[in-house]
Amino acid sequence: MTTSQTTVAKAPGSRKLLSGARKIATSFAVILTTLLGLLVITFAIGRLVPADPVIAAIGDQADQATYERVYKEMGLDQPILVQFGTYLSNIVHLDFGQSHITKNAVSSDLARVFPATIELATLATLIGAGFGVPLGVISAVRKGTWVDHLGRVVGLLGYSTPIFWLGTIVILVFYAKFGLIPGGGRIDIYNEGLVEGPTGSLIVDSIIAREWDVLWSALHHLAAPALILGYAAMAYLSRMSRSFMLEQLRQEYILTARAKGLSQRSVVWRHAFRNIRVQLLTVVALAYCGLLDGTVLIETVFAWPGLGQYLTSALFFADMNSVLGSVLLIGMISIAINLLSDIVYRFIDPRTR
Amino acid sequence: MLRRQFMTIASALAIAAAMPVAATAETPKDQLVIAVNMSSMRGLDPHELNQLESAEVVANLYERMITLAADKITEPQPGLAESWTISEDGKTFTFKIRQGVTFHSGNPLTAKDVAWSLQRLVKLGLAPSTDLRQWGFSAENVDSLIRATDDQTVVVETPEVWNSNLILLSLASFSTSILDSAFLADKNKDGDFGREFLQTADAGSGPYSLRTWRANEMLIAEAFAGYWQGEPAMRRVLMRHLPESSAQRLQLEAGDMDVATRLSSTDLAALDASGDVTIQKTPGFGFYYVALNQKDEILSNPKVREAFRYLIDYDGLSATVMKYYGIKQQSIIPAGLPGAIEDNPYKLDIEKAKQLLTEAGYPDGFSKVYYATPVTPEYEVAQALQANAAKAGIKLDLQGGDYIGKFRERAFEIFSARSGERLPDPHAVLASYATNANNADEAKLTGLLAWRSAWDVPKDIQDMVQAAAHETDQAKRTEIYTKINRAYLEASSPLITSFQRTDAKAVRNAVKGYQGHSTWLTRWDTVTKGE
């Protein structure tokens, strides 16, 4: 084995392979360190909050004997390092413990609430990127014209408007006043329970089950919060793509392309845009991560039963297992998205390989 | 090409969002939709939960031997037990169980299920087991004291003589719900009597059966066709988790909800003014209280305790933040129960408080740390007290947070919160506020508010509380309770009660028969919907 490896290493092109492997190993080391840091921080926060997790679990009315029993059951009588060790070993087995509020395993709760957040964040990112990127590009191309000004004002508004406030206004105007959008939740309450699984995304599941009423209801409920979040994402993405694009348009190869007599469309989209794809991908990935953990406010306003609401409620009721599980999940997803964008990045732009 | 498709999809979604939704203005005639805050709902096992929203669900999934009508809260009525007799010595209760009742599983309900369920409650020993344990039932004696003698007869023997009404009222509590023992037989996991299974499922005989419960999201209950009192009018009852008061209010106004249960004072006032909605205020058996730790030298001075009573703006708060949440009540027995008095001798009087502080030897006041729960209206009440105290020279460092743990450990100076009992009898409140058998730290009687405040309750008061609970003559009991009530006021207890709590619900006018219940047992099978 060793011999053959040595042979491979010496073969032409193998150096590249080895450096690739080293990069992957480095990436993994970084990920593991980040995860460990995340675990230490979440664990420390869990132990520092003043709320008593035992009372959170059994309620204030339980007698002292029950209190002491549960205190032991939770392992709180153990030294802090032992508690951390137990916590780590459980996590390795994907066991986040039981939620004291829902009485379910935290992992199964997360499996239930997370698709709701993914659905919202994904659509918001699609809206944000779908409108934001073209807007940014057009603003850059028409720099200084009314189109650019309008684009920047729209962006600035989206950037500076608090989501919570916007959500409330949208509900007041479009739900309460005109009845154009439905009230809170993911679906009309009468359609609840008609479609269950397999993905947890109501859009996908209702299409699989061919339950069109449910799909219609789910889309309606999704529209307003997704548009609001999407608008915020759009503001960010249009600003970024405008500045990326401006930078490209100043480059000499653009002048050359124009001098060759290429059409404006071809210069902008075939040449300049091609060169900002990689940067855009990174900011879209960042925006997506931001949306996944930043939907807390919008989920509260729209009573959206996703991770944000789950986490808020868990925090409020000192349901530490749920809090730790949620934070860890968000952390892991962020790491995964970053890693994925890194891979795609290399795929799109060979120079970064 | 890809870009164009993508833009088309995005535009289509944007347009879909802007299109009107078909008539969401009314909930269907045969379905009841309730907006609740599910955040503190902890499972649906009747022998484990101890919380308002869960209790309402359990009240409809299960039944009990005794029922209490919402408007006659202290009068036990036949439920699953169609009749009962009480032995001469007052210790043996014999219940005749109704025939023809079936569980949701189809199993017939017999005396065996009743005995098994009550034994289960005591043996599990969780918070609601107090309802029976306080009368002397324990895991060791319950099998012999509560037993089925045949299919229709249950015998309940109490270890001591208690007022019989106390026992009967206890058997109307949600905690004494009757479970399907045969159905649960194979749901046992590590000797938990099916406890894990029952968190999210039901095994009852009530008018509704549980279809779906997703914690912090929604709950669906369906009418039980085989219900012995006939199938209820509402085919389904739907609960949606809406933690925001404003969201509950908007959906109620829009007609998407029939009942809203956790509204802020502002939203209640707005709905009250609208005319489409009725605000129900259901009195509860608990108080908004301020606890002064008696281990603290200054706070244990009776004059200081008395001074605090003059620093609460009872009338001002009544008209504002407490309008929907409480009724002014300075004595210790809630209105509507035997022994309640209407005396409210205290009012806000800064000068009087100052004078009492001077007499106590603190003319310049003092500083204390004050813990309060940061929720409405408790925090507003705490802020009002802080402001008034400042005028009398007492500096209160108000800290809003979850300090219930500190309160239980007696590691506080001043603490305020609200209490809630379910047994519609003065004993329930007095046992916690006015008995403390052992005031030592090691006694850890953490269930009692008096122990938590380190209040060595005067012996005559404690004796009277015990005597009243054992007294079988109802008239004599009422007399004793009146005495206790006055003695409590005179003792200037460190547990200062200011308002008896009320739970406010907003109900659309079209909904009839939905009635908030002081012991949390609001029924859905009595609900109908008009035009």
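Residues checked against (1) surrounded by fewer than 23 Cβ atoms within 10 Å (Cβ to Cβ); (2) within 27 Å of B:ILE97 (Cβ to Cβ); (3) of a type in the set (Gly, Ala, Ser):
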residue: B:SER177; (1), (2), (3): no, yes, yes
residue: B:ALA185; (1), (2), (3): yes, yes, yes
residue: B:GLY206; (1), (2), (3): no, yes, yes
residue: B:THR212; (1), (2), (3): yes, no, no
residue: B:GLU217; (1), (2), (3): no, no, no
residue: B:GLY230; (1), (2), (3): yes, yes, yes
residue: B:ALA233; (1), (2), (3): yes, yes, yes
residue: B:SER245; (1), (2), (3): yes, no, yes
| Hits in segment A:170-186 - residues which are more than 15 Å from A:LEU120 (Cβ to Cβ) and either assigned to a helix (DSSP H, G or I) or not aromatic (Phe, Trp, Tyr) (or both) | A:ILE171, A:LEU172, A:VAL173, A:PHE174, A:TYR175, A:ALA176, A:LYS177, A:GLY179, A:LEU180, A:GLY183
| note | Every listed condition ((1) over 30 Å from A:ASP52 (Cα atoms); (2) within 12 Å of chain B (Cβ to nearest Cβ); (3) crowded, with 21+ Cβ neighbours inside 10 Å) holds for A:ALA140 save (2)
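To keep it simple, each residue is scored yes or no on (1) over 25 Å from the mean Cα position of the chain (by Cα); (2) within 11 Å of chain B (Cβ to nearest Cβ); (3) hydrophobic (A, V, I, L, M, F, W, C).
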position: A:TYR190; (1), (2), (3): yes, yes, no
position: A:THR199; (1), (2), (3): no, no, no
position: A:ILE203; (1), (2), (3): no, yes, yes
position: A:ALA209; (1), (2), (3): yes, no, yes
position: A:ASP213; (1), (2), (3): yes, yes, no
position: A:SER217; (1), (2), (3): no, yes, no
| message | Can you report the number of residues in segment B:490-518 which are farther than 25 Å from B:SER264 by Cβ and open to solvent by 10 Å² or more (accessible area, probe 1.4 Å)? | response | 4
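For segment A:159-169, which positions are closer than 18 Å to A:GLU299 by Cα, more than 10 Å from chain B (Cβ to nearest Cβ) and not in a loop (DSSP other than H, G, I, E, B)?
Restricting attention to segment A:159-169, the residues satisfying the condition of being closer than 18 Å to A:GLU299 by Cα are A:161-169.
Filter once more, keeping what is more than 10 Å from chain B (Cβ to nearest Cβ): A:161-167, A:169.
Once the filter is applied, which keeps residues that are closer than 18 Å to A:GLU299 by Cα, more than 10 Å from chain B (Cβ to nearest Cβ) and not in a loop (DSSP other than H, G, I, E, B), segment A:159-169 yields A:ILE163, A:PHE164, A:TRP165, A:LEU166, A:GLY167, A:ILE169.
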| message | Is it the case, given these coordinates, that A:LEU172 is crowded, with 17+ Cβ neighbours inside 10 Å, in contact with a helix residue (DSSP H, G or I) (Cβ under 9 Å, 6 or more places away or on another chain) and at negative phi? | response | no
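So that you can scan it fast, the table gives a plain yes or no per residue for (1) open to solvent by less than 50 Å² (accessible area, probe 1.4 Å); (2) modelled with pLDDT of 80 or more; (3) part of a loop (DSSP other than H, G, I, E, B):
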{"position": "A:LEU39", "(1), (2), (3)": "yes, yes, no"}
{"position": "A:PRO50", "(1), (2), (3)": "no, no, yes"}
{"position": "A:ALA65", "(1), (2), (3)": "no, no, no"}
{"position": "A:ASP95", "(1), (2), (3)": "no, yes, yes"}
| Which ones in segment B:119-165 are charged (D, E, K, R), within 25 Å of B:PRO426 (Cα to Cα) and surrounded by fewer than 18 Cβ atoms within 10 Å (Cβ to Cβ)? | B:ARG133, B:GLU157, B:GLU160
| said: If I filter segment B:258-270 for residues that are of a type outside the set (D, E, K, R), on the phi > 0 side of the Ramachandran plot and either touching a residue at least 24 places away in the same chain (Cβ under 8 Å) or within 14 Å of another protein chain (Cβ to nearest Cβ) (or both), do I get at least one hit? | reply: no
| request: Name the helices (runs of 4 or more DSSP H) wholly inside segment A:236-353 in which the number of residues that are over 15 Å from the mean Cα position of the chain (by Cα) and either within 14 Å of chain B (Cβ to nearest Cβ) or within 25 Å of A:VAL92 (Cβ to Cβ) (or both) is 3 or more. | output: A:273-294, A:307-316, A:320-348
| query | Within segment B:484-494, can you find the residues that are of a type outside the set (A, V, I, L, M, F, W, C) and either touching a Gly at 6+ places or on another chain (Cβ under 8 Å) or closer than 21 Å to B:ASP89 by Cα (or both)? | reply | B:ASN485
| said: Being open to solvent by 20 Å² or more (accessible area, probe 1.4 Å), away from chain B (no Cβ under 14 Å), within 29 Å of B:GLY400 (Cα to Cα) and at pLDDT below 85: is that true of A:ILE45 here? | reply: yes
| field | helices (runs of 4 or more DSSP H) lying entirely in segment B:100-185 (those with 2 or more residues that are outside the structural domain of B:TYR481 (by TED's automatic domain parsing), within 28 Å of A:VAL54 (Cβ to Cβ) and out of contact with any Gly (no Cβ under 6 Å at 6 or more places or on another chain)) | value | B:111-124, B:130-133
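Conditions (1) within 14 Å of chain A (Cβ to nearest Cβ); (2) within 13 Å of B:VAL290 (Cα to Cα); (3) open to solvent by less than 10 Å² (accessible area, probe 1.4 Å); (4) in contact with a Cys (Cβ under 7 Å, 6 or more places away or on another chain), marked per residue:
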site	(1), (2), (3), (4)
B:THR373	yes, yes, no, no
B:GLN399	yes, no, no, no
B:ASP402	yes, no, no, no
B:PHE407	yes, yes, yes, no
B:ARG410	yes, no, no, no
B:GLU413	no, yes, no, no
| field | Residues (within 18 Å of A:ALA303 (Cβ to Cβ), hydroxyl-bearing (Ser, Thr, Tyr) and open to solvent by 20 Å² or more (accessible area, probe 1.4 Å)) located in segment A:175-200 | value | A:TYR190
| Do the conditions hold for B:SER331, that is, is it in contact with a Phe, Trp or Tyr (Cβ under 8 Å, 6 or more places away or on another chain), open to solvent by 10 Å² or more (accessible area, probe 1.4 Å) and either of a type in the set (Phe, Trp, Tyr) or assigned by TED's automatic domain parsing to the domain that holds B:ALA428 (or both)? | no
| query | Which ones in segment B:182-213 are farther than 18 Å from B:ASN60 by Cα and either among the small types (Gly, Ala, Ser) or more than 14 Å from chain A (Cβ to nearest Cβ) (or both)? | reply | B:ALA182, B:PHE183, B:LEU184, B:ALA185, B:ASP186, B:LYS187, B:ASN188, B:GLY191, B:PHE193, B:GLY194
| field | Leading residue by the ranking (nearest to A:LEU255 (Cα to Cα)) among those in segment A:286-301 that are of a type outside the set (Ser, Thr, Tyr) and open to solvent by less than 10 Å² (accessible area, probe 1.4 Å) | value | A:ILE298
| request: Among residues belonging to segment B:425-439 that are farther than 20 Å from B:LEU171 by Cα and touching a residue at least 24 places away in the same chain (Cβ under 8 Å), point out the one that is most open to solvent (accessible area, probe 1.4 Å). | output: B:ALA437
| remark: Subset of segment A:312-353, residues acidic (Asp, Glu) and either surrounded by 19 or more Cβ atoms within 10 Å (Cβ to Cβ) or at pLDDT 85 or above (or both), comes to A:ASP319
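The values are calculated or read from the model by the stated rules, or taken from the named source; none is laboratory data. The shown structure was predicted, so the numbers you read here are calculated from the model rather than taken from an experiment. Quick reminder, even Gly has a Cβ in these numbers, built from the backbone with ideal geometry, and neighbours come from all protein chains shown. To get the accessible areas, we keep the full protein, side chains included, count just its heavy atoms, and leave off ligands, DNA and RNA. Shrake-Rupley method; radii C 1.70, N 1.55, O 1.52, S 1.80 Å.
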